[in-house]
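Take a look at the structure set out below.
The values are calculated or read from the model by the stated rules, or taken from the named source; none is laboratory data. These numbers were taken from a predicted model, which means no experiment stands behind them. As a convention, Cβ positions derive from the backbone with ideal geometry for all residues, glycine included, and neighbour counts pool all protein chains shown. Calculation scope for accessible area: heavy atoms of the full protein, side chains included, ligands and nucleic acids excluded. Shrake-Rupley method; radii C 1.70, N 1.55, O 1.52, S 1.80 Å.
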Amino acid sequence: VEEDGGGEEEEEEEEGEMPGQRCNGFLPGKEAAGGGARAAGDAERDAARPEGDAVRPERDAARTERDAMLAEGGGRVETRVSPRRLAVLAVFSCYSLVNAFQWIQYSILSNVFSGFYGVSFPEIDWLSMVYMVAYVPLILPATWLLDTRGLRITALLGAGLNALGAWTKCASLAPGRYPVTLAAQAVCAVAQVFILGLPSRIASVWFGPTEVSTACAVAVLGNQLGTAIGFLLPPVLVPNTPNDINLMAHNISIMFYGTAIVSTLLFFLTGVVFEEKPKYPPSHSQAVLQTIPPENYSYKQSIINLFKNIPFVLLLISYGIMTGAFYSVSTLLNQMIVTHYEGEEVNAGRIGLTLVVAGMVGSIICGLWLDYTKTYKQTTLIVYILSFIGLLVFTFTLDLGYLIIVFVTGGVLGFFMTGYLPLGFEFAVEITYPESEGTSSGLLNASAQIFGIVFTLVQGKLTTDYSPRAGNLFLCAWIFVGIILTALIKSDLRRHNVNSGIMNLDVKPVPVDSPVEPESTALKIQSAL
């Protein structure tokens, strides 16, 4: 009777446990290779015990987990994708959208808010630049939180701070309350720190190997769509009425309160939809990571490993250059357009919208292409070169006097520059596996913010003192440097090798304490061809 009961308990435990957690601190290949010997040793030790000496419950539980792992066939684990992944991706994309909308809503109405609050244009520009300034010092604490407290807590913080900042803006609906709206924007900037690093983490944790790059592109797409709506909607909601401040305040209140209500709804949806991870790992690379005991993870060592990874350091600089250039062009687009086309503020917003929407299309196409081909370095280099060519064409056609040409060249430029964003995220995850996706993405974004601040200040000075062409040529020179750095990156697709190797080869991940590979979180992939 006792044996039957024990068997039932073992079966229930096998059904209830996640496959990726049955390794008892060992990785699948190692457990499979040594499992038989350990089982025999356990039996001999148990036989040598005095009668009546009870086996400790911890040993029983460990043996049950081990046997369950072995029963699944040579250390292979069950992988499947969860239907919830689509809801997680949709909710994240939506609150990322709102955060990006709040970033650009002041810049596109700089003349309106300058008159409403009675401040200068540079002070309005700081409502946009505060996003970049806040990101750099907070990214390391944010990625530490993501790695130690998990995806759900980080997502709730991002959505919650986003809503808090939106409601705080509602208290700034009067002339002279610029400090209040700056403080509210700073809260939204802190929320961004918990948002920008999540696309690659969500894609890796929730999506299978054939859809992970597309999922990352869709997650990035939400932020881009928010920027696009930020270019389009605020000028419609808040027309410039300098002679009627009360009407202006009423129009601004509609935008602020609407944003706050939507942000709050998305915060509650985040609480309902987000889970730390699916019941089953969606890929073999995730299954391998789930077998690493939490006590073996060191955030400090992860950062050190990333900066010792030369290909990642090259990507860190090249990604910062490209994305920082995009931030600078987006921020100064209005000034560049009105310099050559006076009175065309509305069309400047439309050109910005064209740039972002074309970039959204580029992001999706690049994500689909990566999932289909896995040609990370080649695609990244080609997109980089085409972005360089696109910026050159945009620079030398800006002053021709034909707005339609600016629309076309702006769209081409946005297609490649924005399409590069998910490429950089996914390439970083591939060459740094098994390090945390959130940490690598966070460092990439920090690099982008630093370059964005420097580029915006320098290009703005060159544009004001000389011409938009001088500022754009400054960016072209830096993007050319980025092309050289990208060409030097060694394409070592570690995550892809694990996924394809476990499915097609006899791949045995070695635990972190192996004498063959002493690094704390590194995995040595042994493939028997």
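Listed values, structure above:
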{"read-out": "Counted residues, segment 365-400 - those being over 30 Å from Gln335 (Cβ atoms) and acidic (Asp, Glu)", "value": "1"}
{"read-out": "Residue under evaluation Leu370, criteria (1) open to solvent by 10 Å² or more (accessible area, probe 1.4 Å); (2) at pLDDT below 80; (3) in the same structural domain as Gly424 (by the TED database), criterion not met", "value": "(1)"}
{"read-out": "Unmet criterion (only one of (1) part of a loop (DSSP other than H, G, I, E, B); (2) at pLDDT 85 or above) for Ser82", "value": "(2)"}
{"read-out": "In segment 162-186, residue nearest to Thr143 (Cα to Cα) [restricted to those that are open to solvent by 40 Å² or more (accessible area, probe 1.4 Å) and part of a helix (DSSP H, G or I)]", "value": "Leu164"}
{"read-out": "Residues that are within 21 Å of Leu138 (Cα to Cα) and buried (at least 20 other Cβ atoms within 10 Å of the Cβ), drawn from segment 454-463", "value": "Phe455, Thr456"}
{"read-out": "Residue identified as modelled with pLDDT of 90 or more and either out of contact with any Leu (no Cβ under 9 Å at 6 or more places or on another chain) or buried (at least 21 other Cβ atoms within 10 Å of the Cβ) (or both) among Thr143, Thr154", "value": "Thr154"}
{"read-out": "Within segment 339-352, considering residues that are open to solvent by 40 Å² or more (accessible area, probe 1.4 Å) and in a helix (DSSP H, G or I), the one modelled with the lowest pLDDT", "value": "Glu345"}
{"read-out": "Residue check for Leu355: in contact with a Gly (Cβ under 8 Å, 6 or more places away or on another chain) and either of a type in the set (D, E, K, R) or more than 27 Å from Leu306 (Cα to Cα) (or both)", "value": "yes"}
{"read-out": "Among (1) surrounded by fewer than 19 Cβ atoms within 10 Å (Cβ to Cβ); (2) more than 27 Å from Gly349 (Cβ to Cβ); (3) in contact (Cβ under 8 Å) with a residue 12 or more places away in the chain; (4) not aliphatic (A, V, I, L, M) - the single one Gly118 does not satisfy", "value": "(2)"}
{"read-out": "Within segment 391-405, considering residues that are free of Cβ contacts under 8 Å to residues at least 60 places away in the same chain and open to solvent by 50 Å² or more (accessible area, probe 1.4 Å), the one nearest to Phe326 (Cα to Cα)", "value": "Val393"}
{"read-out": "Sole residue being open to solvent by 20 Å² or more (accessible area, probe 1.4 Å), touching a residue at least 40 places away in the same chain (Cβ under 8 Å) and not assigned by the TED database to the domain that holds Arg350, chosen from Thr259, Thr264", "value": "Thr264"}
{"read-out": "Looking only at segment 464-497, and only at residues there that are of a type in the set (Ser, Thr, Tyr) and open to solvent by 60 Å² or more (accessible area, probe 1.4 Å), the one that is modelled with the lowest pLDDT", "value": "Thr464"}
{"read-out": "Residue match in segment 213-227 (condition: at pLDDT below 85 and in a loop (DSSP other than H, G, I, E, B))", "value": "no"}
{"read-out": "Yes/no for Gly197 being at pLDDT 85 or above and not hydroxyl-bearing (Ser, Thr, Tyr)", "value": "no"}
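So that you can scan it fast, the table gives a plain yes or no per residue for (1) closer than 26 Å to Ala90 by Cβ; (2) more than 19 Å from the chain's Cα centre (by Cα):
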{"position": "Trp126", "(1), (2)": "no, yes"}
{"position": "Pro141", "(1), (2)": "no, no"}
{"position": "Ala163", "(1), (2)": "yes, yes"}
{"position": "Ala166", "(1), (2)": "yes, yes"}
